[in-house]
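Here the structure comes first, spelled out in structure tokens, and everything after it is commentary.
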Amino acid sequence: MQIANANRLTPYLFLAPAAVIMAVALLYPIGYMIYASFLDWNPSQRIGEAEFVGLRNYIGLLNDAAFLESFWVTIKFAAVVVTIEMVLGVGLALLLDRNIRGMSALRTLFILPMMIAPIVVGLMWRYMYHPSVGIFNKTLKSLGFDPIPWLSDGNWAFASVVIADVWQWTPFIFILSLAALQSLPQSAMEAARIDGATGWQQIVYIKLPLMMPVLIVTLLLRLIDAFKVLEVILVLTNGGPGLSTEILSLRISRTASEFRELGEAAAMSNYLLILLVILTFAMFAYNKAVEARTARLRKAAEEDL
Amino acid sequence: MPKIAFDQVSKSYGVVEVLPPFDLTLEDSEFTVLVGPSGCGKSTTLRMLAGLETVTSGEIFFDDKPISKLDPKERDLAMVFQDYALYPHMNIAKNMSFALRLARVPKAEITEKVERVASMLNIAHLLDRKPAELSGGQRQRVAMGRALVRDAGTFLFDEPLSNLDAKLRGKMRAELAEMRDTIDKNMVYVTHDQVEAMTLGDRIVVMSDGLIQQQGTPEQLFKEPVNTFVAGFIGAPTMNFLDGELVEEGGTQWVRGDCYALPLPADIATRLQSAPDRAVTVGLRPSSFTPDTTQGAPIELKVVVSEYLGAQSVLVTHCGDAEILVETQSASPVRSGTVQTFGVLTDEIMIFDKTSGLRL
Ligand SMILES: Nc1ncnc2c1ncn2[C@@H]1O[C@H](COP(=O)(O)OP(=O)(O)O)[C@@H](O)[C@H]1O
Ligand SMILES: [Mg+2]
């Protein structure tokens, strides 16, 4: 009995060091941030000296037009980039899922953008968007068109950061979709061809539905990431002009460093965190539902034998 | 229901030629079985017919119309795959009606057809389920049903029964045989199982190593095999092959080996007149032996093992170094370890050329 007990505890014993490190590295900062969000805290104060203000930071933010604007910009940005990236990424995967010569080199080329550090991506695009010497405007001029105010006009600036993000992250969707596509049952596709499906009908009726579980997880992963975007926009526009590209992470960093409101910045982070937690749970719930369904199907099949 | 003709069709994957150029004609409304050991190119042949593989050279004709460049959907055929290839995300009704829905057949007609075929195959109660919720045998029926709801001119089957257990396989085989007699369509059926081939085929095409060895009715293949491969492949238990030589003694032709001497029947003897003293292979079916020594020519065999199969037993016997299978009635048991004399029905002897394997 004693031994059985000890045996049952053994795995936890081995897990303990990792659990402690997790607790310190993860829970401590989060706890710290949650506590800080209830304070009116100036960086020159030590945390003990800050005044406890309860939910004032949270309530204040809900009435803060600038915060709401940047919350809206974030959601708009995430929705737009993820939509475009999903369409392009899945589209490219469907297009390039064939065994012709040179395809593997092409695929490697396609995923390069993802491997470049975001700061570098930002700098690269900033040069390309440069109003007079950037490649885009130079090309436009040489073709006789008017230059475009890529980063100096609010709407264009939003479009510019979207383009840069799409350039960097479409490959992510692309490789996951391609992997999903290549693991589909080949014979089901052949059966569809025999059943008379055109290439387009195979995509709509067979490939996309079968890829759906992977696509949904990919979408949620990408969405979570898009809400946290910072570096590229920081380098490209630093949130401007006006608030047109000021996404939440940028606003948080400015609130902390420029406005010196640590408590408020912490409260903003928590709003973002809540949003991300909801998305993450949505993903887990989806996975769970899929697993439960598979288990149920398997059980039904076994009973029927 | 076209007449299908392969004209010098060949298939290579890269530099590997898996099917050298061959001709093959499948008559209208015939049930043709392609049979041969695994890897001999049966599936490749069928898939070229279906349009799932390109032909490397040659042309396939449906009633004189070349079709090798056409898409599968333009060839008017339905196919049952070895792994069933059901659409995992569609329920059974949707699986079965997919082709009809693509062809924009009216809804009422689709429902009517699906229900008729489903009840014929005993899967009407499963229409709302997903493929994952079915057992292997049920999936097999659905795959069959999906092909049958279509009014295709040609039906292709690629080892549709090989994933089933023996009992279910027997049952499905019987149902297929019934279907063959009621449905007046071209059917091309691929299998490695000679029993399936013999029971189902109007005509059987025996393949080996990418080559067509022989084609004909089951009876022709059993009684008149052209070479040792076909003779050994068709029939169970398999034919016994013994080394021997032809000799003439006392006015009759004999075939003689280490432990036997059998007189040749008149027709073979006349055919072999021109080839005296020649090394040959003798083929004896296990069913050509009888314990009644008053019949046929006597042969002495040492019984090693007796395999009881029910009404019949198969005796594993030795004749010198060679192993010989003998089929007997279990009602008259033979003791293992004894030496017995059997009668050989000499009418059923087959003589093959030893080097080429061709029947003489
Ligand atoms: N896609 C392929 N690439 C290369 N070789 C193949 C391919 N498909 C089949 N083969 C080869 O072709 C031969 C015939 O295969 P197949 O027609 O599937 O045989 P069977 O159906 O008679 O078992 C085999 O030797 C197999 O290895
Ligand atoms: Mg095969």
Given (1) open to solvent by 80 Å² or more (accessible area, probe 1.4 Å); (2) touching a helix residue (DSSP H, G or I) at 6+ places or on another chain (Cβ under 6 Å), index of the condition A:W72 fails: (2)
Within the stretch B:246-255, can you find the residues that are open to solvent by 90 Å² or more (accessible area, probe 1.4 Å) and in contact (Cβ under 8 Å) with a residue 12 or more places away in the chain? B:E248
Long-range neighbours under 9 Å by Cβ, at least six apart or interchain, first residue under 22 Å from B:G153 (Cα atoms) and among the charged types (D, E, K, R) within the stretch B:165-184, second at pLDDT below 85 and surrounded by 12 or more Cβ atoms within 10 Å (Cβ to Cβ): B:D184/B:M1
The stretch B:121-139, subset more than 13 Å from chain A (Cβ to nearest Cβ) and touching a residue at least 24 places away in the same chain (Cβ under 8 Å), residue nearest to B:M187 (Cα to Cα): B:L121
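With the structure loaded, tell me whether B:L77 is open to solvent by 10 Å² or more (accessible area, probe 1.4 Å), away from ligand 1 (no atom under 11 Å from the Cβ) and more than 18 Å from B:G210 (Cβ to Cβ) or whether it fails that test. Steps first, please.
Details: open to solvent by 10 Å² or more (accessible area, probe 1.4 Å): no; away from ligand 1 (no atom under 11 Å from the Cβ): yes; more than 18 Å from B:G210 (Cβ to Cβ): yes.
Spelling it out, it is not the case that B:L77 is open to solvent by 10 Å² or more (accessible area, probe 1.4 Å), away from ligand 1 (no atom under 11 Å from the Cβ) and more than 18 Å from B:G210 (Cβ to Cβ).
Check B:A197, B:A231 and return the single one that is within 16 Å of ligand 2 (Cβ to nearest atom), in a helix (DSSP H, G or I) and either among the polar types (S, T, N, Q) or more than 14 Å from chain A (Cβ to nearest Cβ) (or both). Outline the logic, then answer.
Values: B:A231 fails: within 16 Å of ligand 2 (Cβ to nearest atom).
Going through B:A197, B:A231 in turn, the sole match is B:A197.
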Out of all the residues in the stretch A:175-185, is one or more open to solvent by 10 Å² or more (accessible area, probe 1.4 Å) and within 11 Å of chain B (Cβ to nearest Cβ)? yes
Pick out, from the stretch B:10-81, the strands (runs of 3 or more DSSP E) lying fully within it that include 1 or more residues that are within 14 Å of chain A (Cβ to nearest Cβ). B:77-80
Test B:E59 against the criterion of being surrounded by fewer than 22 Cβ atoms within 10 Å (Cβ to Cβ), acidic (D, E) and without any contact (Cβ under 8 Å) to a residue 60 or more places away in the chain, and give yes or no. yes
Just name the residue that is surrounded by the most Cβ atoms within 10 Å (Cβ to Cβ) out of those in the stretch B:298-354 that are more than 20 Å from B:G257 (Cβ to Cβ) and charged (D, E, K, R). B:E327
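Per-residue answers, yes or no, for (1) modelled with pLDDT of 90 or more; (2) more than 19 Å from B:Q213 (Cβ to Cβ); (3) not aliphatic (A, V, I, L, M):
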| residue | (1), (2), (3) |
| --- | --- |
| B:S12 | yes, yes, yes |
| B:E27 | no, yes, yes |
| B:V35 | yes, no, no |
| B:L46 | yes, no, no |
| B:A50 | yes, yes, no |
| B:F61 | yes, yes, yes |
| B:D64 | no, yes, yes |
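The values are calculated or read from the model by the stated rules, or taken from the named source; none is laboratory data. The model shown is predicted, which means the values in this text are computed figures rather than measured ones. Here the Cβ is made from the backbone with ideal geometry for all residues, glycine too, and neighbour counts use every protein chain on show. With ligands, DNA and RNA removed, areas are computed over all heavy atoms of the protein, side chains included. Shrake-Rupley method; radii C 1.70, N 1.55, O 1.52, S 1.80 Å.
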